[in-house]
Structures are given as structure tokens and as C-alpha cells.
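The values are calculated or read from the model by the stated rules, or taken from the named source; none is laboratory data. Please read these numbers as outputs of a predicted model, since none were measured by experiment. Quick reminder, even Gly has a Cβ in these numbers, built from the backbone with ideal geometry, and neighbours come from all protein chains shown.
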Amino acid sequence: MTDTQLQIELAEARLRESLSVGAPTVHKDLSLVSLITKFSDSESEVPLKEFISNIESSARMGNWNEADKIEVATLRLAGAAKYFTTVAQNFTSKE
């Protein structure tokens, strides 16, 4: 048995062990996105502080990571706020 084959078998054994019964499984619940009110430039909408707080709370409950929170925040923008992120992305990608 070669060194590479031995490493593969050891990796497979570790993977099987981590997937065995009793091992904690982490599930992301992205359905919580629908609970987050869109944020826009309108004064009648949710304030920015509340918008961010809703994302943080949903992230804790849904086991989201930082990248998930950024994607959700971007997806829940509307109006001038969404336009700003689009322009900012185009600006940074041209550098």
C-alpha cells in the first residue's frame, strides 16, 4: 500500500467517524430570510439598525455564517440602497 493510499484510507475513516450516529449535524435554515423586511431609502420602512438586528437574529437561529449574512443583507435591499450596492460593486470590480 502506498503512502497516498494510506492517507486516503485514513481520511475516509475520519470522515466516516465524523458522520457516525451521535455526531452533531449543523443545518442552515435559509427560510428565515423571508422574515427580514426589505431595507430601502424610504423613511416609512424599517430603520437600518432594526434591519441589521433582524439579520443578526435570523443568522443565529439559522446557523448562518458571515458570507450568508452578507448575501441575505444584499438580497433584502431595495430602492436606493440596492442601487448603491450595485454601483459600488461595479466600481470595485473595475479597479
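Please find, within the range 46-95, the residue that is nearest to VAL33 (Cα to Cα) out of those that are among the basic types (Lys, Arg) and in a loop (DSSP other than H, G, I, E, B). The extreme case among them is ARG76. Within the range 54-71, the presence of at least one residue that is closer than 22 Å to GLN89 by Cβ, surrounded by fewer than 13 Cβ atoms within 10 Å (Cβ to Cβ) and acidic (Asp, Glu) is confirmed. Do the conditions hold for LYS28, that is, is it modelled with pLDDT under 95, of a type in the set (Lys, Arg) and within 14 Å of the chain's Cα centre (by Cα)? Yes, satisfied.
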